[in-house]
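Before any comments, here is the structure.
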Amino acid sequence: MYDSEEQLLHRAKKYEKEALAVIYDQYSTELYAYAMRLFGDVSLAEECVSETFSRFLGALKQGKGPKYYLKAYLYRIAHNWATDYCRKKDPTVTLMDEEHLELEDRTPLPSAQVESLIQREQVRKALWQLTSDQRQVILLKYYGGWNNMEVAKVIEKPVGAVKALQHRGLTALRKMLLSAEDI
């Protein structure tokens, strides 16, 4: 359809509906998955995606926005929105209580599912205790499958910094999660 991301961006800057639809279709699902990893909440993930594209459109209207690396630009917007959201709200993530661990028909979940949910919440809580850049590097690399070069474009740092952030972030996560097991 388009020769390059650069051409797609050029058309999007002209507010061409087809180009904007292609951008949304191409990136909204990935951004939603990214936001779900951050929040574990459907409505917050949807709000993050909505705000990401709203801010993207706002930047285009102002004659701003990326010239290259659209995907990285959108992830940066989503990450910044998530960080801003957590600064305004209580950033601590609490473990789900038993009431939330039931199906709509009030059938308790099997213990393996409950344990899995609790572990995911522990990981999510630990991720929010990392620095913003460490959290983003880990999410993009391990949950998004991005390589170091792609992550470097998003966080606007050299590849060596990505590797260092990954190492420090994983070390900190390991310590937090091991100490949580001791409790």
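The values are calculated or read from the model by the stated rules, or taken from the named source; none is laboratory data. Note that the coordinates shown come from a computational prediction; the quantities given were computed from them, not determined experimentally. Positions of Cβ are generated from backbone atoms using ideal geometry, with glycine treated the same way; all protein chains shown enter the neighbour counts.
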Study note, to complete from the structure: Counting only residues in the range 113-141 that are among the hydroxyl-bearing types (Ser, Thr, Tyr) and surrounded by fewer than 14 Cβ atoms within 10 Å (Cβ to Cβ), the one farthest from the chain's Cα centre (by Cα) is identified as SER116
Review point. For the range 13-27, does any single residue satisfy the condition of being farther than 24 Å from VAL123 by Cα and under 13 Å from the mean Cα position of the chain (by Cα)?
Key: yes
Point to revise | Selection within the range 1-19 - part of a helix (DSSP H, G or I), out of contact with any Gly (no Cβ under 7 Å at 6 or more places or on another chain) and surrounded by fewer than 19 Cβ atoms within 10 Å (Cβ to Cβ) | key: GLU5, GLU6, GLN7, HIS10, ARG11, LYS17, GLU18
Exercise for review: With respect to ARG124, determine if the residue is at pLDDT below 90 and in a helix (DSSP H, G or I).
Suggested key: yes
Study note, to complete from the structure: When every residue in the range 30-53 that is polar (S, T, N, Q) and either more than 23 Å from LEU8 (Cα to Cα) or touching a helix residue (DSSP H, G or I) at 6+ places or on another chain (Cβ under 9 Å) (or both) is compared, the one modelled with the lowest pLDDT is SER43
Check your understanding: Can you name the residue in the range 147-183 that is basic (Lys, Arg) and assigned to a helix (DSSP H, G or I) and, of all such residues, is nearest to ALA72 (Cα to Cα)?
Key -> LYS153
Exercise for review: Would you mind telling me which numbered condition in (1) closer than 20 Å to VAL151 by Cβ; (2) modelled with pLDDT of 90 or more; (3) among the hydrophobic types (A, V, I, L, M, F, W, C) LEU20 fails?
Suggested key: (1)
Check your understanding: Is there a residue being on the phi > 0 side of the Ramachandran plot and surrounded by 14 or more Cβ atoms within 10 Å (Cβ to Cβ) anywhere in the range 29-40?
Key -> yes
Revision key, fill the gap. Checking LEU70, LEU109, LEU57 in turn, the sole residue that is over 12 Å from the mean Cα position of the chain (by Cα) and modelled with pLDDT under 90 turns out to be LEU109
